[in-house]
Structures are given as C-alpha cells and as structure tokens.
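The values are calculated or read from the model by the stated rules, or taken from the named source; none is laboratory data. All of these numbers come straight from a predicted model, not from anything done at the bench. Heads up, the Cβs are rebuilt from the backbone with ideal geometry, glycines too, and the neighbour counts pull from every protein chain shown.
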C-alpha cells in the first residue's frame, strides 16, 4: 500500500510542479494547493499506516500503545497544517484579486515588468 | 569609585537611548542637563586620577557578556583615565555647547541620541578590558559617527562624506576583528589584563606580520593616516559640535589609543617601527602642508588634525620612553586646543555667518572672549610657552632628537611640519583676530555679550586648562607614570616642567618659530606654491577615486544582480527544482540500500486504491482543464479523496478537518475566481514539454524520498510518550487533541497567530487601496 | 429571488451547526473534535447563512466585528498560556481543577481560544470577500 501511496504522492507533486511553472497565476495557486495536500500526505505516511485503529485511549484504559493505533503526532501536525492552509489559501486568493485589480493581468511574466518602472 | 565610574558609563548609554523620551521633557535644556552625566563621570575619573597609585590597574567585572570569552569587563589604568577624562570632559562641554549651536536645527533628538551613544561607545572603547568588547565599541563609534557626520542627511555632500567615513572605518573595523581574534587565539585570552600580566609578546611569531598588518589598517583608517586620510576633511560637513568632538579627543584618536594599548603585546618590532614612523611622518607632513592652502577655518583645522594624528602615530612607532611620553602629552594637548579651536570656529560661524578666513577679520575687538580663547589655543597649537602645547612640542623634539638611527629623518620632518603649524597659527591669528586697516571688520549677528555663557564656556575652559597645565604640568606626572607603565610595561618616573633649560631642543624650538614666522611673511609665494601643488595632487584626488571605486562596484554588482534576479518567477522555480533534483537524487542513489519491502508494507486495499485513482484523475483533469470552475471542482475531489484516505487509516479528526476546510476553500475560491479572467494558454508548446519533464522528475524524486524515508530512522519516535501520558497527565482520551492544546500548545499558539495574521492580511489587501486614496486627494 | 423555505432551513441550520460545533469543542478532549474542527463547523454554518442572506446579515447576526472575535480568541489562548505562570510554572503548562467530577483545565481554555479565533478568522475572511467582491446582491 505504501508503494501505491508513494506513487500517488509523486503524481501529486508532478502535477503541482507543472502547475507552478505555468504563467497563469490561477494555475500557480492550484499548484500550491496540490503540493500542500501532497506534503500533508507525506507527513501522514511517515507516521506509518501499517497500524490501524483510531488514536484514542479506550474508556477503561489509562494509556494506549502505538501497536493498536495510528501515530497521533503526524495527525496533530497535519491538522494545524490544514487549517493554516485554509488561512493561507484565503490570503493568496485575496492577494491574487488585488494583483489582478492593480495590474489587470494574470500573466506572471507581466509581473517582472511592472515592478521596474 | 571605580564602580561609580562604570555605572556612569552605563548611564550614558541608557541616557542616549532615552533621548527620544527625555528631549520633549527637557526641551531647550536637553544639552545642558544631559551634560551633567559626563561631567559627573569626569569628576569620578578625576578622583581616580589623583588616587590611583603608580603601577596599578583597577579591573571592574560587570558579569555581563555575550560569551564566556566576551565579558564586558572594564579596566581603569593611567591610559584609559587620560583618554576617558578627555572623552567625558570634552563631551560634557560639547553637549553644553550644542544646546545653543543646535537650537535652530531640526532633528535635535537624533543629534543628541547619536552624540551621546557615540560618547558611550567611545568610553566603552577606552575602558574595555576585553579585546572583543573593545572591537564592539570600536564598531559602535564607526556607526554612530556615520549618523553624526551625515547629520544633514537631506544634503548630498554630508551623505557622501558620511558614507565614505563609514566605508573606510568599517574596513578598518573588519581588520580589527580579524586581528583581535588572531591575538586571542595566539595568546589564549582576550583579556588585556591577562595579556599584560603574562608579559605576552608575539613579535617573533610567524603570524605577527599578518596581525600587525590588520591592526595597522584598522589604525590608519580610524585615525586618518595616509593614504586613508581623505575621509577626515569630508567629515567637516557635519555641524561644528560634532567636528569638535569627533576630531579633537575621540573618534580619530581611537586608533592612537589602540596602538598604545597593544604596544606591550606587539609593539617595538622592526615592522612596527618602520610602518608607523613612515606613515606617521608622511601624514604629519602632508596634513600640515595642505592646511596652508585652505580658506575654510574648519578645513584648516581638519588638516592640522591629520598632521597631529600623524605626529602621534610616528611617536608611538618610535617606541622609546621619551616618545611614548610625548605621544601621551601631545594627545592631551591636541584634544584641548583642537576642541577649543573647533568650538571657536563654530561660534564665529554662528555669529558672522562665514568660516572663510579671508572674509573674517578684527574679531579681537568685537568678540574679545572668544578671540582670547582662540588665541590661547593657537599658542598651544604652535607650541609656544606658557601653554601645555609648548611642553608637548619640547617633548616631541626631545624624543626625535634622541631617536638613535632615525633622527636624521624624523627631526627635519617634524621641524618642517611644526614650522607650518606655526605659520598657519599666525596666519589664522592675523587674518581673523587682528583688526586691520585694509580689511573691514566683519559684521556680527549678535554682540558677544548676548551669546549664552554655556556657548562660550567650552573653548574658554579648554584654553584655561591648557594654560593651567602648561604652568603646572606636575599635575600630570602621576597619571603619566601609570599610563607609561602599561604602555611600556616598565616603570618610568615622569617629571614634567615648563622650563627645560637652555639646550638643543629649545634651540630647535626657537628655530621652528622663527622659520614659521618667515613662512607666514612669505605666505603669498608659499600660498602660490601650495596652489600649484594642490591641482597636481587633485589628479590623484582620493575622495573622488574612492567614490568612483564604490560606484563602479555598485554598477558591476547591479549588472550581475539583474542577470540572476531577472524577475521571471518560473525560471527561479526551475533553477530551484533542478538544483534540488540533482543534489537529492545523487544523495538517494549513492545511499544504496532497500527501496521497498513487500513483507513490511501493509496490504493493498482495492477500495483505497480506487479512491486514489479517482483523485489522481481529478488532479490530472485540473492540470489540463481550460475551465476555471471544473479545475476547482476537481481540486475539491482531490481534497475529499485525501480526506477519505485519512479516514480509512484511523485519523478521524483529520478527515473531518480536511472535509470542512476543503469545502470552505472551494467556496472562497469560487467567490474570487468569478472575478478573474478565463485560463489562457500562455506558454509555448516547447516550454510546456520542458516543464512536464521537470515536473515528472520532481514527482519521481518525491516518490523515491517517500519510499526511502521508511528505512531511515534517525530518532526514536516520541509518540509513545504522548500515548502514555495523554490521559494520565493531559486528562484527555483524544491524543491528537491533547497534543494540540497541551503537549505542543506553543506550536498551536504560533499557528493560530498565523491564522489571525492571514485574516488581517486578507482584510488589508481587500480594503486598503493606496492608489485610490492618493487620487482622491 | 427569495426562497422562503431555503431561508427558514438555513437559519435553523445555523443554530444546529453552531450547537454541534460547541458540542464537538467540549468533547474534543476525549472524542473526535476540538477547537479547530468546532471552529470550522461553526464558521461553515455562518458561511452557509452568508451565502443565502448576504454577508451583512451575518454581521448583524453575530453583532460583533469578526476581527474582534479573532483578537479575543488569541487573547483567550494567551491567557491560558499565562495562567500557569502566575502559579510559578512554565507558560502553557496544563493546570487542572476538578468541578463535579469533570476535569477542567487551561488546555480547555486554550481550545476555546482556538475555537473563537478560527470562527472569527473564517467569518472575517468570507465577509470581507463577499463585501468587496459584491456577492451580496
């Protein structure tokens, strides 16, 4: 399964990088989203997916062992990453709107010309 | 008492930092009130001055420092006392003086802020016991003097002069840093007190030449020695109080101080003697020579300062008991008369509106107090009795005559330089103070009586001290012996007297004055000669050459920066990806080992694979889609697919968050994208193929990394700790949540701050429109 | 065109979602949930409400400027970080008391801060976007 997910991640990265290299700023933003999802997956995979079972401590037990559950640390990291991704996405979108409003173009190559007057 | 002195130095720093707060409170009294602290320090130092026994140094540890090797410890010995008293005493007078001088300037807060910080830095420099601390203070004086010289930052000339001074002194600072580190490594300590007590001297060491060269550059740049002397006249663009302070007893003397400090550690070698005597001699001569051709009073003073600095460097280079003594005395002499003369020049400038000596005249009648202070200082400068300057000059001649091998060179050079000093003194005296028939007396803006006392006090006090010390030089014996002990590392008894008896040195003095008078009488032909030589040297006009060098460097750098920083976003990315690819793939392939182990991996589940395939197709669709909306929807499919994957492997919290966040992003995306144009194919086919190759390589690299990472475990996972403590100490059964709000709450705190900033950023981007605002006005 | 049925359902749904979000927030320490999830769900409720009624109605509904909500969330979290310091412990150490058998502590306060901030952030972002880009008509 790891192999499949690893290939999937590679595919996501390939698509993301391809999108990043476009001149259109909308595609660039899509690329950022794809890559952030892929990166989250890498972190998730690094905790190991062989163990399954939710990462909670049972009602009677006092402690849990890693044998019976998914590693909780990557989950905590990804959880904040997702919410931050949400904030950053909103920010990029606002930035893009402003960029388009100011320059009237969505071609990134125009950007290099506008800042040297 | 020594603790008090150190506390006062620290207080000066604090006071400097507090100036922005204090100045609105103190208003026009700022200068006068703030002057009290340096005066208090001067008082404390005077007390130490009289109570410090011979051959003792007091070390004060502050226990504060950046590193174990870099503690701010202070040493109080004869040398640091002499310099410290000049810095604090003249500093106090300058502050009082500025109160009136700067009254009409804008930016007084800035002026006091940097002047006081400069004073603090200079005091730290002379009292530092640690070479690294000394370096830090040294750099601080460079930086603060940059702001002081460039005080009139809205004018072109001061800015250029300030930049020049900064670049040159910073070059020296860099050299000093290297030298200090090398000395520290050779000696095993950065403490001056330990260096002195060990009797460490590395003159024979193989690295001595390098260290000496570095120290020499540091000194030559700071103390304006030839060929770095040219920044000093430029620095005259600063307001006069700054020139009076920087160029009498402080900034430019830091190099002299450094030489004296390091003399026991590395002085007296052949390189030391040769380099310092030669440079000092040249500097001394050209400084005096160029001063003859100047018309601006401040520029005259600047060139005589260069000459005086050269004299001191030369004396230290000679490295005999007599010469060190002469250098120390001459430092005091020079600080007293040059500080006074600069302040006199400032008073005259303020009160007549010019500093041109050809336009000034007859001031003795109209401004008697200022003139007498000025004349006393001029007497000291030309080395006439009964001023301290006379003793200084006698000692210098004495040292030169006694110099065994080199007296044939240094005596004529010294006498020539002094003759010109005498001539320039008489010239200044004659032109500006004496009432003359054929030159109308210049009109004053105020009567002298109307000028405030603290404005005139500076030069008067300095002139009187010069006179007093000339009459009773015995006051200095004690402290000089102490200073000599630490400079020469041997006990020396010092007995200063005004009258040395009739001897060879006195004859030389008489000859000097006589020849100086002759030069003065022949000033027209001499002026012509200088007038011929100056244009000739102007071909090698160093300030301009230096500026050209800097601007060429900048344009060179600019050209190459434009090539690298071309502004095309995707070429940056391509560069980045290619470099990463090469480095990481090389590393991965050379690491060897396993990539994939079927038995260790979890079983393949067909329904998960199905989800992944759907997500992958969605992404590919997004990549090639021409419609914005369908691209966004397929991004949503990818997000949900990933969420399903989380869910499947037991990360419930993650799955919920991913579903919700993805939904909200989609909604916001649609809201914004609606206002943007359709996709257009902007790149050529060729570049698309190139990009596809790069993208696929990066993807392959990431797959390799992910696979390889499973076989590399650098640290034991800490998750077991969380699993055990979560309920017992965190009182929670949801381990993920306990990690977020308890174990790693600091991370979360940082992250929610980022969220708040992102929202604030969105608000500003959307609401704030600077262009619109401008056009509305 | 107004759709009465949709408006009724959505305004009811807002309360359901906010209630559910609070439920998730408070049980988040033991079961799936927590400040982030709860915050996003509550904000999603407001987003839905905003899509149907317009962003001005959302601001009317919550009465407070969402930026202040965001700021107070940050302050609550900071407070939770500082409380242990008054007891001489390092900042962010969990301090617990028990009230009627339920453990209450600064981590819960911290989670509430996260919840409030996330709600404020998302509401602030989408109301601004809707307002400036004229999605309210």
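Test residue A:56 against the criterion of being modelled with pLDDT under 90 and crowded, with 23+ Cβ neighbours inside 10 Å, and give yes or no.
Criteria met by residue A:56.
Select from the range B:723-751 the residues that are outside any helix (DSSP H, G or I) and at the interface with another protein chain (Cβ under 7 Å from one of its Cβ atoms) and write down the one among them that is farthest from residue C:73 (Cα to Cα).
Of the range B:723-751, the ones outside any helix (DSSP H, G or I) are B:729-734, B:744.
From what's left, at the interface with another protein chain (Cβ under 7 Å from one of its Cβ atoms): B:730-734, B:744.
On the way: B:730: 22, B:731: 23, B:732: 22, B:733: 24, B:734: 22, B:744: 18 Å.
The extreme case among them is B:733.
Considering every residue within the range B:753-770, establish whether at least one is part of a loop (DSSP other than H, G, I, E, B), under 47 Å from the mean Cα position of the chain (by Cα), over 30 Å from residue A:14 (Cβ atoms) and modelled with pLDDT under 85. Show your work before the answer.
Step one: filter the range B:753-770 for residues part of a loop (DSSP other than H, G, I, E, B), giving B:768-769.
Restricting the remaining residues to those that are under 47 Å from the mean Cα position of the chain (by Cα) gives B:768-769.
Adding the requirement that they be over 30 Å from residue A:14 (Cβ atoms) leaves B:768-769.
From what's left, modelled with pLDDT under 85: B:768-769.
The answer is yes, given that some residue of the range B:753-770 is part of a loop (DSSP other than H, G, I, E, B), under 47 Å from the mean Cα position of the chain (by Cα), over 30 Å from residue A:14 (Cβ atoms) and modelled with pLDDT under 85.
Taking the criterion of being within 52 Å of the chain's Cα centre (by Cα) and closer than 30 Å to residue C:48 by Cα, would at least one residue in the range B:694-715 satisfy it?
Within the range B:694-715, none of the residues are within 52 Å of the chain's Cα centre (by Cα) and closer than 30 Å to residue C:48 by Cα.
Just checking: which of the helices (runs of 4 or more DSSP H) contained wholly in the range B:192-239 hold 2 or more residues that are over 27 Å from residue B:153 (Cα atoms)?
Result: B:192-198, B:208-222.
Using beta carbons and a limit of 6 Å, which pairs, at least six apart or on different chains, have the first residue in the range A:12-25 and more than 7 Å from chain B (Cβ to nearest Cβ) and the second one assigned to a loop (DSSP other than H, G, I, E, B)?
So the pair list comes out as A:25/A:106.
I'm trying to understand the selection: among the residues of the range B:52-77, which are surrounded by 12 or more Cβ atoms within 10 Å (Cβ to Cβ) and not in a strand (DSSP E or B)? Break it down stepwise before answering.
Pass one, the range B:52-77, residues surrounded by 12 or more Cβ atoms within 10 Å (Cβ to Cβ): B:52, B:54-62, B:65, B:69-77.
Residues satisfying the conditions are B:52, B:54, B:55, B:56, B:57, B:69, B:77.
Only one of these is assigned to a helix (DSSP H, G or I), modelled with pLDDT of 90 or more and crowded, with 17+ Cβ neighbours inside 10 Å: A:78, A:92. Name it.
Matching residue, one of A:78, A:92: A:78.
Hey, among B:97, B:105, which residue is closer than 22 Å to residue B:347 by Cα, outside any helix (DSSP H, G or I), touching a residue at least 12 places away in the same chain (Cβ under 8 Å) and more than 21 Å from the chain's Cα centre (by Cα)?
Answer to the selection: B:105.
Hey, could you check the range A:26-51 for residues that are outside any helix (DSSP H, G or I) and more than 7 Å from chain B (Cβ to nearest Cβ) and say which is surrounded by the most Cβ atoms within 10 Å (Cβ to Cβ)?
Within the range A:26-51, the match that is surrounded by the most Cβ atoms within 10 Å (Cβ to Cβ) is A:47.
From (1) outside the structural domain of residue B:685 (by TED's automatic domain parsing); (2) surrounded by 10 or more Cβ atoms within 10 Å (Cβ to Cβ), pick out the condition that doesn't hold for residue B:612.
So residue B:612 meets the others, but not (1).
Criterion first (modelled with pLDDT of 90 or more, within 8 Å of another protein chain (Cβ to nearest Cβ), at negative phi and surrounded by 17 or more Cβ atoms within 10 Å (Cβ to Cβ)) does residue B:620 satisfy it?
Answer is no for this residue.
Of C:52, C:123, C:64, C:116, which residue is in a helix (DSSP H, G or I) and more than 27 Å from residue C:5 (Cβ to Cβ)?
Checking each option against the conditions leaves just C:116.
In the range B:642-659, what residues are part of a helix (DSSP H, G or I), surrounded by 20 or more Cβ atoms within 10 Å (Cβ to Cβ) and at the interface with chain A (Cβ under 9 Å from one of its Cβ atoms)?
B:642, B:645, B:646, B:652, B:653, B:654, B:657, B:658
What's the number of the condition residue B:711 fails, among (1) more than 7 Å from chain A (Cβ to nearest Cβ); (2) within 30 Å of residue C:33 (Cα to Cα); (3) outside any helix (DSSP H, G or I)?
(2)
Sort through B:741, B:762, B:706, B:736 and tell me the only one that's touching a residue at least 40 places away in the same chain (Cβ under 8 Å), touching a helix residue (DSSP H, G or I) at 6+ places or on another chain (Cβ under 6 Å) and either surrounded by 15 or more Cβ atoms within 10 Å (Cβ to Cβ) or farther than 30 Å from residue C:124 by Cα (or both).
Of B:741, B:762, B:706, B:736, the one residue that is touching a residue at least 40 places away in the same chain (Cβ under 8 Å), touching a helix residue (DSSP H, G or I) at 6+ places or on another chain (Cβ under 6 Å) and either surrounded by 15 or more Cβ atoms within 10 Å (Cβ to Cβ) or farther than 30 Å from residue C:124 by Cα (or both) is B:736.
Check every one of the helices (runs of 4 or more DSSP H) wholly within the range B:523-641 and list those with 1 or more residues that are over 30 Å from residue B:226 (Cα atoms).
Qualifying helices (runs of 4 or more DSSP H): B:542-564, B:569-591, B:606-624.
Taking residue B:412 as meeting all but one of (1) more than 17 Å from residue B:468 (Cβ to Cβ); (2) in contact (Cβ under 8 Å) with a residue 60 or more places away in the chain; (3) assigned to a helix (DSSP H, G or I), write down the number of the exception.
Failing condition for residue B:412: (2).
Among the residues of the range C:46-57, which ones are touching a residue at least 24 places away in the same chain (Cβ under 8 Å) and more than 11 Å from chain B (Cβ to nearest Cβ)?
C:49, C:52, C:53, C:54, C:56
Going through B:665, B:632 one at a time, which residue ends up being under 16 Å from residue A:92 (Cα atoms), touching a residue at least 12 places away in the same chain (Cβ under 8 Å) and at the interface with chain A (Cβ under 7 Å from one of its Cβ atoms)?
Details: B:632 fails: at the interface with chain A (Cβ under 7 Å from one of its Cβ atoms).
Going through B:665, B:632 in turn, the sole match is B:665.
From the list B:678, B:691, pick out the single residue that is at pLDDT 80 or above and within 20 Å of residue A:33 (Cβ to Cβ).
B:691
Only residues that are buried (at least 22 other Cβ atoms within 10 Å of the Cβ) and outside any helix (DSSP H, G or I): list them for the range C:78-93, please.
Result: C:92, single match.
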